[in-house]
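Okay, structure first, notes after.
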Amino acid sequence: MTIKQSKTERERHAEKSDAEALALLEIISPMNRIPMERYLNKRKPSPAVIAALAFVAIDLQKSLAAKNAADVRHNLPGGSRDLKNQLLNIWATGKYSSRDICAEQEYSELGYKSLKTARNALLNSPDPSPWPAKKRHS
C-alpha cells in the first residue's frame, strides 16, 4: 500500500467517523446527562467517533458563541435593531410621503452609515395610518 493509498483510506475512515459522530450527536443532543450516559454505555462508540464528536461539539459551541455575540452587538442601544426600530417609528408618524424620502432625510441623523441600509430597514414596512403626507406625494 502506498502513502497516497493509505491517506485515502485515512480520509475515508475520518469521513465515516465524522458521519457517525453527527448521527450520534443528533441522537444524544436532546437528552439530559444521565440518559446520555446510559445510551453511550450501552452503545460504546469507537475512539475515532468520540474524537470526531468532540470536534463537532467544539465547532457547535464556537458557532453558538459567535451567534450570541452578534445578537448582543445588534441589540445594543444604537445597534442595527435599535436603529431600524427608530426609523420605523419615524416612518409610522406619517410625516413623510415615501419610504425613500424618510430614509434620505433621517439616515444620517439616526446614525446609519449608508442610505441603502436605511432604505432596506423600511422595506416591507406597513404604511402609516393616518398618513397625512401621502397627499403631498400624489
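Nothing in this text is a laboratory measurement; each read-out follows from the coordinates by a stated rule. As the structure is a computational prediction, the values presented were derived from the model and not from experiment. With ideal geometry, Cβ positions are generated from the backbone for all residues, glycine too; neighbour counts draw on all protein chains shown.
Given the -39500 (n - 2.57) contribution per DSSP H run of 4+ residues, what per-residue ellipticity at 222 nm results for the chain, rounded to the nearest 500 deg cm²/dmol?
For the chain, the value works out to -24000 deg cm²/dmol.
Under 19 Å from the Cα of LYS134, which aspartates and glutamates turn up, not counting those fewer than eight places away in the same chain?
Straight-distance partners of LYS134: ASP100, GLU104, GLU106.
Leaving out same-chain residues fewer than 8 places away, which aspartates and glutamates sit with a Cα under 14 Å from that of LYS135?
ASP127
How far apart, in nm, are two points set 7 Å out from the Cα along the Cα-to-Cβ line at THR93 and at LEU64?
That separation, rounded to one decimal, is 4.3 nm.
Can you list the trypsin sites (Lys or Arg not before Pro) in the stretch 100-138 that are in a DSSP coil and have 15 or fewer other beta carbons within 10 angstrom?
Filter output for the stretch 100-138: LYS113.
Evaluate the distance, in nm, between pseudo-label points positioned 7 Å from the Cα of ARG73 and of ILE34 along their respective Cα→Cβ axes.
Between ARG73 and ILE34, the label points sit 4.2 nm apart.
With charges set only on the Cβ (+1 for Lys and Arg, -1 for Asp and Glu), what does the dipole of the stretch 3-75 come to about its Cα centre, in debye to the nearest 20?
So the magnitude is around 180 debye.
Which helices of the chain meet both criteria: a Cα extent of 30 Å or more along the helical axis and a mean Kyte-Doolittle score no lower than 0.0, with helices taken as whole DSSP H segments?
47-75
Work out the count of Lys pairs in the stretch 3-75 where the Cα-Cα distance is under 22 Å, with the pair 8 or more places apart or on different chains.
4
Between (i) 13.9, 40; (ii) 26.7, 82; (iii) 19.9, 82, which entry matches Rg and Dmax of the Cα atoms in Å as derived from the coordinates of this structure?
Here the calculated entry is (ii).
Using Cα pairs closer than 8 Å and at least 6 residues apart in sequence, work out the relative contact order for the chain, in percent.
Dividing the mean separation by the residue count of the chain yields 19 percent.
List the lysines whose alpha-carbon lies under 19 Å from that of LYS113, not counting same-chain residues fewer than 8 positions away?
Those lysines meeting the cut-off are LYS84.
Only Lys, Arg, Asp and Glu count, each charged at its Cβ (+1, +1, -1, -1), so figure out the dipole size of the chain about its Cα centre, rounded to 20 debye.
Dipole magnitude for the chain comes out near 80 debye.
In debye to the nearest 20, how big a dipole does the stretch 80-137 give about its Cα centre with +1 on each Lys and Arg Cβ and -1 on each Asp and Glu Cβ?
120 debye
Which order, highest average first, do 29-38, 121-130 follow once you tally other Cβ atoms within 10 Å for each residue and take the mean per peptide?
Highest to lowest by the protection proxy: 121-130, 29-38.
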